[in-house]
Structures are given as structure tokens and as C-alpha cells.
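First the structure, in the form of C-alpha cells, and then the observations on it.
The values are calculated or read from the model by the stated rules, or taken from the named source; none is laboratory data. Model, not experiment: these values are computed from the prediction. Here Cβ is always computed from backbone atoms with ideal geometry, including for glycine, and neighbour counts include all displayed protein chains. Heads up: the accessible areas ignore ligands, DNA and RNA and are worked out on the full protein's heavy atoms, side chains in. Shrake-Rupley method; radii C 1.70, N 1.55, O 1.52, S 1.80 Å.
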Amino acid sequence: NAKGLSDDEAENLKYEIMNVLAVDIKEVDHFKVMKTFGKALLSYFDIVTDVLVLLDLIAKQNTRMALIQGISLGVSFISQSIFSIAFGQPWWVILSGLVGMKPAIESWRDATRAKPFPMQKLDNEMMLMISRMVEVMFEAIPQSLVQTLAVLQYKDQRTALQFVSLFTSFLTTGFVVASADREMDTSKYKRKNEPLLFGYVPKTDARKQFYASTSFFTLYKTAKVFSLAILIASTSFRYAITLLCLEWFGILAWRKSYENWRWYQHGLDGVGFGLWTHFCIYLCLLAAPFPLIRVPTALTPRIYAGSLMYMLFINFGMVFFSYRVHEGTDFLTEGRAFLGLATLTIICVISGRIAYHYMPDSHRGTFHKAWTFKHHVADYWWNDCVYQADHRQRITTDQEYIRAYIPCWCSRHYVPEEKVIAFYKEHWNIWCEDPPDWFDDPFKAMIPDYVMEVVEK
């Protein structure tokens with residue numbers, strides 16, 4: 001036949017392909033499917049309680065709080081669609097974000113091991129993680145803040161539903177942050193692709209670490225929302241907004257001092273998208289600090305650790321300012337407010353220390369070391385990385401390809417440019433005369449202009 005195979009060889013090849021497909025189908029983890037959808041249902045239950053509280057506020061003619069609650073839900077849905085556009089997903093997925101269905105879609109695609117969409121810039125695991133992060137940032141955090149404010153400011157409108165919704169929101173956030181990040185950390189692909197960064201979940205005592213992590217993230221958010229709500233109830237929104245803006249700029253300046261503030265992907269490393277992703281990362285730091293944002297592609301471990309300590313400390317400053325400079329809130333006396341915050345903070349820190357205790361020594365440094373993405377690319381990706389999905393979603397261990405692919409996916413701001421240019425000059429003619437199987441037209445189209453300009457001279 002056209003491929004030079006005999007009938008017997010063709011028949012054997014057919015059965016080999018069928019066997020591979022059968023094995024691939026068996027590899028769908030049905031337990032993971034159930035876990036993923038269980039988490040999605042928990043998140044949707046949280047959204048349902050938020051909507052019920054919104055309707056309750058409307059019924060009680062509390063227009064101000066109802067409007068803020070409604071806007072936060074709308075922003076959450078719109079943000080899901082914005083990230084879908086940025087990462088190259090099709091229009092039907094983009095539109096699904098506007099009706100709150102994107103987390104369910106991403107859960108299904110990841111759990112059933114669906115292939116990434118043709119133009120999708122991240123794998124399905126990462127897309128699901130981003131979807132969960134957006135849901136927590138733009139829905140769970142603002143909703144819990146609004147509901148806490150309603151409890152503090154409107155005595156006659158307090159209902160059991162509000163307290164149930166608040167408790168659900170705090171616990172859901174803690175659970176989602178801990179479980180979603182652990183799924184990412186235990187990903188077989190991530191641990192082979194980035195073994196230096198992924199691996200903080202231990203092989204033994206993983207459940208104990210999970211309980212401690214859930215407690216830490218739940219109490220971390222509770223302490224922050226509690227403090228912010230007291231500040232706003234005691235003063236006004238403008239004091240809180242001023243503080244949040246100063247924190248946003250301060251952390252941005254810290255990242256800028258490391259030259260580590262732009263998004264790491266080629267084509268998405270512009271100023272606008274960099275500032276938008278920094279805003280999202282800041283919201284995570286505020287009340288849902290996913291450990292994923294500690295990696296060099298985002299904050300870096302040093303900034304992550306320093307920011308967590310600052311966030312826990314400034315809570316006391318907000319409560320102090322609320323009661324000593326202003327009149328505080330009638331719902332709590334100053335003593336009870338400080339006692340409540342101190343209790344939350346102490347248990348939070350103890351929980352975090354327990355989770356850290358169970359972490360393997362090899363990965364403790366990923367939570368506090370000075371570790372920029374530029375150095376990570378020049379050191380690990382250039383010298384040591386031997387496992388990656390190529391541009392056609394095939395796993396490769398070819399270090400020549402991995403080096404050649406760096407400028408195609410990595411922002412120029414982090415590429416070791418001298419090494420890359422020298423590498424391309426050395427290999428370009430060889431690739432053209434005897435092209436490897438990966439050196440195809442789609443790969444050539446991804447090579448950035450600054451590399452091609454030098455190569456073509």
C-alpha cells in the first residue's frame with residue numbers, strides 16, 4: 001500500500017492502535033470525575049445561597065447591598081469569559097462563562113481527559129484551576145464581604161440564611177483553595193514537567209496536611225473579611241478602597257523590583273494583561289492565597305510568603321483604626337473584635353504551620369525562597385527540563401526541542417535571549433536540511449520575530 005506495509009503489517013498496526021485507544025479510555029479516572037463534580041456542585045451551592053441572599057436583600061429594599069451583591073456576581077461571570085478569550089477558547093465556552101456554566105464545563109473536560117481546544121494556550125488542568133480561582137476571587141470573596149457588612153450594619157435584617165451563606169462561603173473557599181491546588185500539585189504531568197515546583201503534597205500524611213490547609217485558608221479568609229467589614233462599617237468604603245489600592249501598588253512595586261510582574265506567556269505579556277493578572281493575583285492574596293500563585297510565573301515564593309505575613313498583620317491595623325480613630329461597630333465591642341481576630345489568626349497560623357510540617361523538605365523552599373521566573377527559565381528550563389508537551393500536545397523528552405520551543409511559549413522578558421539566539425544559529429541549517437518531526441510549519445509559525453530576524457540574516 002501507499003505506506004509500504006504488507007496486509008499483515010497493516011492489520012497488526014490496526015490492532016495496536018485499537019489497543020492504545022482502549023487503554024487510553026480505561027485511563028479515565030472515574031473517581032476523579034466524581035470528585036471534580038462534587039467540588040463543582042459545592043461551588044454552585046454557594047452561588048445559590050448567594051442568589052437567595054440577593055433576593056432577600058431586594059425583598060427588604062436594601063438596594064445598596066443588593067446592588068453590590070449583584071454586581072459581584074456579574075463581574076465573576078464576565079471575568080470567566082475574559083480569561084476564555086485570552087487563552088484561546090472557542091466562542092461557545094466564552095459565552096458559557098456569561099451564564100455561570102464555565103466551571104462545570106472545565107470540570108467535565110478535565111475529568112474526562114478531553115483534548116485541549118486547538119487554539120487553547122494552557123492545558124485543561126490549568127484552565128480548570130483558573131476557572132476556580134476566578135470564581136473564588138470575583139464571587140466568593142466579594143459576596144462574603146457584602147454579607148458580613150449586612151450582618152454588621154443592618155440589625156433588623158439579620159436572618160439565619162445570611163449566617164448559613166456566610167459559613168458556606170468561608171468553608172467553600174477554604175476547601176476549594178486547598179483541594180484545587182493539591183490536585184494541581186499532584187498532577188503527574190506537572191511533577192514531571194516542573195519537579196522543582198510541584199511536589200509539596202507528601203506521599204504520607206497527605207490527608208492530615210489537607211485538613212490543616214483547609215483550616216488555614218478558611219480562617220485566613222474569615223479574618224480578612226472580618227477586618228475589612230469592620231473597617232467599612234466603621235468608616236466608609238473609601239478608606240478600604242484606599243488601603244486596597246496602596247496594597248495593590250505596593251505588591252506590584254515589589255514584583256517590579258524583581259522584574260517579575262508580566263504574564264509569562266509569549267503574546268500575553270503586554271502591560272495591560274500584566275496589570276490585570278496582577279489585580280487577580282492580588283485578590284487571591286487578599287482572601288484566597290492559592291499556593292499556585294507562589295511559583296515564579298506569578299509572585300515568586302519570597303513575595304508570596306512576605307505578602308501572607310503582611311495580610312495577617314494588617315488585619316489588626318484595620319480593627320485598631322476602626323475603633324480608635326472611628327467609633328467601630330455596635331455589633332461588637334473593641335475587646336470582642338480584637339479577641340475574635342486574635343483567635344482566628346492564631347488558629348490560622350497554627351494550621352499553616354502544621355501543613356508546612358508535613359511538606360517534604362525538598363519543596364519547603366518553594367514557599368519562601370527568592371526565585372524569579374527569568375532565572376528559572378535560564379537554569380531549569382534550559383539545562384534540566386526533559387519532559388514537556390509539544391505544540392501538538394505530544395509528550396516529548398527531546399531536550400533539543402524543549403530548548404527550541406522556549407521562545408515560542410515564553411515571554412521575551414524571561415527568555416535567556418543570548419543562549420536562544422546562539423542555539424538557533426547553530427541548529428537552524430541542520431533543521432532545514434534534515435528536519436526533525438517537530439520542525440513543521442505550525443512550529444515555524446510560532447517562532448517570534450526577534451529570533452527569526454537574527455536567523456535569517
By the scheme Lys and Arg +1, Asp and Glu -1, what is the net charge of all other residues having a beta-carbon under 12 Å from that of Leu152? +1
Quick one: putting +1 on the C-beta of Lys and Arg, -1 on the C-beta of Asp and Glu, what dipole do you get for region 373-456 around its Cα centre, in Debye to the nearest 20? 340
Heavy-atom accessible area of Trp108, protein chains in place, probe 1.4 angstrom, given in Å² to nearest 10, is 140
May I ask you to give the solvent-accessible area per residue for the chain, in square angstrom, as obtained with a 1.4 angstrom probe? 48
According to the square roots a ≥ b ≥ c of the eigenvalues of the Cα gyration tensor, what is the shape class of region 300-382, taking rounded for a/c under 1.5, prolate for a/b larger than b/c otherwise, and oblate for the remainder? oblate
Quick one: with all protein chains in place, what share of the accessible area of the chain is carbon or sulfur, to the nearest percent (1.4 Å probe)? 64
Averaging sequence separations of C-alpha pairs under 8 Å and six or more residues apart, then dividing by the length of region 24-365, give the relative contact order as a whole percent. 19
Solvent-accessible surface (1.4 angstrom probe) belonging to Lys419, in square angstrom, nearest 10: 90
May I ask you to derive the relative contact order of region 177-241, considering only C-alpha pairs under 8 Å and at least 6 residues apart, and to give it as an integer percent? 27
Restricting to Cα pairs under 8 Å and 6 or more apart, the percent relative contact order of region 373-456 works out to 29
Do the alpha carbons of any pairs in Lys115/Lys192; Lys121/Lys224; Lys192/Lys224; Lys102/Lys192; Lys115/Lys444 sit beyond 30 Å of each other, and which pairs? Lys121/Lys224; Lys192/Lys224
As a test of reading the structure, rank Asp123, Asp205, Asp379 by solvent-accessible area (1.4 Å probe, protein chains only), most first. Asp379, Asp205, Asp123
Taking GluC sites (Glu not before Pro) as candidate sites, keep only those in a DSSP loop with at most 14 other Cβ atoms within 10 Å, then name the longest stretch of the chain containing none of them. 28-258
Any idea what % of Cα-Cα pairs in region 24-365 are farther than 28 Å? 42
Given that compact globular proteins tend to follow 2.2 N^0.38 Å, what is the ratio of the alpha-carbon Rg of region 373-456 to that value? 1.02
Cα gyration tensor category, rounded, prolate or oblate, for region 159-204 with a/c compared to 1.5: prolate
How large is the helix-only mean residue ellipticity at 222 nm for the chain, computed as the sum of -39500 (n - 2.57) over DSSP H runs with n ≥ 4, divided by its residue count, in deg cm²/dmol to the nearest 500? -22500 deg cm²/dmol
Quick one: pull the percentage of alpha-carbon pairs in region 124-240 with a separation above 24 Å. 39
In degrees, nearest 10, the alpha-carbon axis of helix 301-324 is tilted away from the dominant principal axis of the alpha carbons of the chain by 10
Surrounding net charge for Gly306, when Lys and Arg each add one and Asp and Glu each subtract one, Cβ distance under 14 Å: +3
Report the accessible area of Phe77, computed with a 1.4 Å probe over the heavy atoms of all protein chains in place, in Å² rounded to the nearest 10. 50
Taking Cα atoms, the helix 160-185 axis meets the longest principal axis of the chain at an angle in degrees (rounded to 10) of 30
Region 358-423 and region 185-202 have their Cα centres apart by a whole-number Å value of 14
Arrange the residues His357, His326, His427, His375 by how much accessible surface each exposes, largest first, with a 1.4 angstrom probe. His375, His357, His326, His427
What FRET efficiency would be calculated for the residue pair Lys425, Ala305, taking the C-beta separation as r and a Förster radius of 41 Å, to the nearest 0.05? 0.50
